Every structure is written in C-alpha cells, then in structure tokens.
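The structure under discussion appears below in the form of structure tokens.
Computed from the coordinates by the stated procedures, all read-outs in this text should not be read as laboratory data. All values derive from a computational prediction rather than experimental measurement. Cβ sites come from the backbone with ideal geometry, for glycine too, and all protein chains shown count toward neighbours.
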Amino acid sequence: MKIQSKFILVFCCLLSLYSCKKEKPSQSDDIKLQVMHPRVIWTEKPSEHAIISWTSTLLGKDNYVLYDTVANLNNDSAFKLNSSKDGKIFMRKMDYDEGVPEAFYHHAELNNLKPSTTYYFKNCTDNSCSEIYNFITAPDKEQPYAFISGGDSRLGGEKPRFAGRTPLVERKKINKMIAKMTEEDASIMAFAHGGDYCTTADWRHLYYWFEDHALTITKDNRILPLIITRGNHEHEIGFLENFWLGEISNEYSDGYFFMTQITPSSALITLNTETSMAGDQLEFLEEVLEGHRAKNNWMFVQYHKPAYPAVKDYDSEDFYHVRKYWVPLFEKYKISLALESDGHALKKTMPILNGKVDKNGIIYVGEGGLGVPQRDPDPSRWYFGKESIVESKHHLWKVSVYDSIANVTAFGIEQDTLHTFNIHAKPFLVESIDN
C-alpha cells in the first residue's frame, strides 16, 4: 500500500512538472527563426574588405555567411565565413511595449576580396538562410564612379503607432528612389549616410529603420554598401550593436572616424561630431590628410553637425568646434567637398576660405533630408549667395566623380533635380604647405 501511494505521488509530481513545462514554452518553441535586415558596410579598404551584417529572431548556434563570385551560390562550393560578433539586441521597456520583436545582431568580416567584383552572399543562422544578395567591391584602378550622400532619415513605417510618433512615408520614398537610381546608374558604388538614422538608436526605432532600409535593395538584389557616420541621435548602445565597424567600433563610443579609399586617387574621410573634435580625432585627421592628400585628387569629408549651419544657431558650441578644429585642416589641405547633416534642410554654401566667401574656398553641402521633417533655413547668412541653394526640401546628394571634375546634384523626393554644380580636382603637393 505504501509502495502504491509513493508511485501515485511520484506520478502526480511528474505530471505537474510536465504541465508547467507546457505552460511556459521555451523561446525556440515559441518563436520561428527568421533571418532579416541584410546590409553591407564599408570601412577603410572597400576593394578588399566588407562587413556583412544581419538580424535574426533567435541567436542560433551557427551564424555565418555563404559567399562567392557566382550567382548560384552552391552550398557545397561557396565560401563559408563564421560571424565575428553576435549578441542579443538590447531592449528597453518601451521597445517591448511597442511590440518590436526580440532579436539578435550578427556581423561577419570578409577579407581578401577581389576589387571591382560582384560578390553574391546569403546570411545564415543555423539552418535558416536569407535569399541571395550581391554587392560590388571598390576598384583598385582609376574609373569614374558615384556615391549617394545624405543624413537624417529618422522616421518611417506605416503602423498607426510607430515608435510613439506620427508615421511618415518620406523615408520610404527616398529609399525606393535610392534603389531606382542604383538600377539606372551602375557607377553608384556606396551610400554615405551622414547620421541620425532614427529618433534614437533603441530597437523600437532601429528595427523599422532596417525594415525600411531594405527598400534600397535593387530588383536584382544588389545592396549598396553603407559608409556609416554617427549622429547626435545615436548615443544608445543599439548603434554600437547594430553598426559594428570592426576595430573602428569600440565599447567606449569614441570610434567612427576613418578614411575610406574608394579608388586609388579618391577617398572619403568620415568624422564623428559626437565625441571630442580635438584630441585623438584631430590628430587622426591631420595624419590622414598629411599622409594621403597628395595621393588623392579627390578628398571628400563627411560628418554630422555642420560647420556652416543653414538652420541652427551659427554660434552653437558644436558648430564652432567644427570650424575651430577641423576647418583649418580642410582649408590647409584643400579638401574637395564637405558633406554635412543635422539641420533638416537643403543647403549648399558659397565657397568659403578663412571665414569669408572666396572662389578658391570649400563648398559645404547638406543638411539632412532623407526623411526627417524639414525645417525652414535662414538664407540671409553670409555664406549663402547667388550660387547657393537653401530650402526646406527632402533630398539626397549624388556625387559623380571623374578624372578632373565631379558633378554634385541634389535630388528631390520625386527624383527631381533641385540643384546641380561641378567642382574641379585640386591637385596637392605637401611641399606647398606654408610652415
């Protein structure tokens, strides 16, 4: 009788445990594994290196990229590269409240790539893989090329309660336009984003930014590599998690300044206005310009907060620091063009040198029109004139670079031309610097 009672007790306990397990399923039982948000990132040497990033709904045990130079991407013959960095995306209570799913970031670094080559790839977490995408590496020989520039995409999506804001569709329109422009002009190599991707870098915002960014993918699944700038709305850890740049990124958030060698004689310097503009970054800027300017007929610079704002207070400390620390080096080394964001308006300044309008000076364009609501700029400022444009219009800039001339054109949200001008290459000799 005692044995029978013990058997009944054990049976009841086991039944109770089984019931509890069914009431609280594990994440893998509850969530379907999905692989999404493909993107390609360029840093210093895009002719031979790229970072492939993606998002998954489960962490998985095996995260990798399959890639090759052939379109069929046979699983048995394709190159397999394990991810370099993975982790759970940080989520706040507001992220959960607004219904964005838990997710995980993955980054893989491709090295020793061939220049001017189309690479086909798919992202995989365990046995779940994305469809096949492709991107083109930068050349190691001179050739005409173009890149797209713009900042402040900020909002997007169509849900009635999107991240606590009224939904906008301008970002989606701009992204579709980027895909169309890339399809129409194969010379477009990259998308230089000037920062302020979302209202914050929390997941409730970034999730929809990545959803909308997929609209920049062309009909033949070509992905335009991103050259990342950090803006003042990217101070949350989500930016570091989801826009990892290899050694350039670090846990102290003082990276995100580097030089991208697009062709042998053309480079783009990315700077970070969200950390000290003096110190290590100023030293980096001077070393890069001193060491590379003479070898590059074209030297472009992108950063978030403007030296010559169209909207905000000219005397604001951040803008003053750009002029104090960086502009003297821009002028000393005769950079080709400065690409700015932050103001939420369309602007092109007159050429500026030594704090005055000068035909031999530098033109500053921007100022953030990829989707954020546009503000009213001040056209009366001394650096705007007959050859300027300063308006409240959504836009992006396309920079088309040739041997000795570059065309810079602002396109509106309907791909209409808002402003266009040419700049000429400025050959530079280190010996010409006045000591």
- [ ] Report the one residue of 199, 168, 368 whose Cα lies farthest in the direction of the positive end of the charge dipole of the chain (charges on C-beta: Lys and Arg +1, Asp and Glu -1; origin at the Cα centre).
- [x] 168
Task: Given charges at Cβ of Lys, Arg, Asp, Glu: the chain dipole, positive-most of 119, 221, 136 - done: 221
Open item on the list: If I take every Cα pair under 8 Å that is 6 or more residues apart in the chain, average their sequence separation and divide by the length, what percent do I get for the relative contact order?
Closed with: 14
Task: Over 22 Å between alpha carbons, listed pairs 122/173; 32/61; 61/88; 61/114; 114/398 - done: 122/173; 61/114; 114/398
- [ ] Give me the distance in nm between label points sitting 7 Å out from Cα along the Cα-to-Cβ direction at residue 426 and residue 97, one decimal.
- [x] 5.0
- [ ] In debye, nearest 20, what is the charge dipole magnitude of the range 29-135 about its Cα centre with +1 on Lys and Arg Cβ and -1 on Asp and Glu Cβ, if you could check?
- [x] 260
- [ ] Might you report the magnitude of the Cβ-based charge dipole of the range 313-435 about its Cα centre, with Lys and Arg at +1 and Asp and Glu at -1, to the nearest 20 debye?
- [x] 300
Task: Crossing angle, helix 279-292 versus the chain [Cα axis fit, 0-90 degrees, rounded to tens] - done: 60
Open item on the list: Helix 2-23 against the longest principal axis of the chain: what's the angle in degrees, Cα atoms only, rounded to the nearest 10?
Closed with: 20
TODO: Rank by packing, highest mean first: peptides 198-209, 232-243, with packing defined as the count of other Cβ atoms within 10 Å averaged across residues.
DONE: 198-209, 232-243
Task: Sorted peptide list for 179-190, 88-99, criterion being average Cβ within 10 angstrom, highest first - done: 179-190, 88-99
Task: Under 16 Å from the residue 169 label point (7 Å along Cα→beta-carbon), backbone N, the range 187-203 - done: none
TODO: Among 286, 317, rank each residue by its count of other Cβ atoms within 10 Å, from fewest to most, as a rough exposure measure.
DONE: 317, 286
Open item on the list: Compute, for the range 140-432, the length of the dipole vector about the Cα centre, with Cβ point charges of +1 (Lys, Arg) and -1 (Asp, Glu) only. Units Debye, rounded to 20.
Closed with: 860
- [ ] Just order 131-138, 107-114 by mean Cβ neighbour count inside 10 Å, highest at the front, would you?
- [x] 131-138, 107-114
Open item on the list: Just to confirm the number: angle between the C-alpha axis of helix 203-213 and the first principal axis of the chain, 0 to 90 degrees, nearest 10?
Closed with: 70
Task: Part-to-part distance (alpha-carbon centres) for the range 195-227 and the range 83-137, which is given in Å - done: 12
TODO: Can you find, among 269, 285, 187, the residue farthest towards the positive end of the dipole of the chain? Put +1 on the C-beta of Lys and Arg, -1 on that of Asp and Glu.
DONE: 187
